[in-house]
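Take a look at the structure set out below.
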Amino acid sequence: VVGDNTCDNSAYFGRLPISGSLSYFHNPASMTVSENFNFAVSKAVGEYILCLGDDDSVSTHIIDAIDFLKSNNVDAGNFKMARFFWPDVALNNNSYRAVVPYFSNKIRSLNSARMLKNSLASGFQEIRYLPRCYHAVIRKKILDEVADKYGSRFPGPSPDMANAVCCLGLVNRHVYIDTPYIISG
C-alpha cells in the first residue's frame, strides 16, 4: 500500500498503472506521519505489515524473512539495518554512501518484558529490538489490536516509538534476524 499525501502527485505514483498487489492512495490533505501510516495500514490486506518511509528500501530477500516468520508462527521480526546516506549528509569519510554492516544471519528470540525493561532504562532511545512495523515486520492483527486498544496504530507524536511501545505487550513470539533486509535512507 502506498499512502501518498503529497500536494501534487503527478511526478510520482500518479502516473503509475496500479494492478496486482500494489494499492495506491493519494490524499493531498495535510496529515502527520502517524495519520498517513495509520491510513495506509488500514488499507492493507496482508497478514504481515512492514512500513517504510519514502527514502527507505528493502532487500528482495525480505519475502524469505516473512515466510520464515509465518512458517514459525512468529508475530514480529526485527532485522539488522543497512544504511544509505544521501549526498547532502555530511560524513567524516565522504568515500561511502551505503553501509552494509557485518551480519551473521543468526536468529534469536526476543523477550518482550526484557525489551521493555531495557527500553525504559535507556529512556526509550533505542527501538532496534522492539516489535513494530516501521523498519520491521509485524502481524497486521497485532496492529489492529493496538488500534482497538489505543484508538490508533501509531498513538503518539513519534510514530515509530509509539507503535513499538504499544506492540510490546501484544506479541507472543518475537525474533531478531541478524541480516540487513531493510535499508534505512
Within segment 88-185, chymotrypsin sites (Phe, Trp or Tyr not before Pro) in DSSP loop having at most 16 other beta-carbon neighbours inside 10 Å: 96, 102, 103, 124
Which order do 32, 60, 179, 6 take when ranked by solvent-accessible area (1.4 Å probe, heavy atoms of all protein chains), largest first? 60, 32, 6, 179
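Over the chain, with every protein chain in place, what whole percent of the accessible area is carbon and sulfur at 1.4 Å, could you tell me?
The value for the chain is 53 percent carbon and sulfur by accessible area.
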Within segment 22-154, what is the number of lysine pairs with alpha carbons under 15 Å apart, leaving out pairs fewer than eight places apart on the same chain? 7
By accessible area with a 1.4 Å probe, ligands and nucleic acids excluded, highest first: order of 70, 80, 106: 106, 70, 80
For the chain, max minus min Cα coordinate along each principal axis, in Å, sorted largest first? 47, 46, 34
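Using only C-alpha atoms and all pairs of different ones, pull out the Kirkwood radius for segment 94-185 in Å with one decimal.
14.3
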I'd like to check one number: the per residue accessible area of segment 97-185, probe 1.4 Å, reported in Å² as a whole number. 51
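In deg cm²/dmol and to the nearest 500, what is the mean residue ellipticity at 222 nm of the chain if only DSSP H runs of at least 4 residues count, each as -39500 (n - 2.57), divided by the residue total? Write out the running numbers ahead of the final one.
Values: 5 runs with 52 residues, N = 185.
Counting only the DSSP helices, I get -8500 deg cm²/dmol.
The values are calculated or read from the model by the stated rules, or taken from the named source; none is laboratory data. These numbers were taken from a predicted model, which means no experiment stands behind them. All Cβ positions, even for glycine, are placed from backbone atoms using ideal geometry, and neighbour counts span all protein chains on display. Just so you know, the surface numbers come from the protein's heavy atoms only, side chains and all, with ligands and any DNA or RNA stripped out. Shrake-Rupley method; radii C 1.70, N 1.55, O 1.52, S 1.80 Å.
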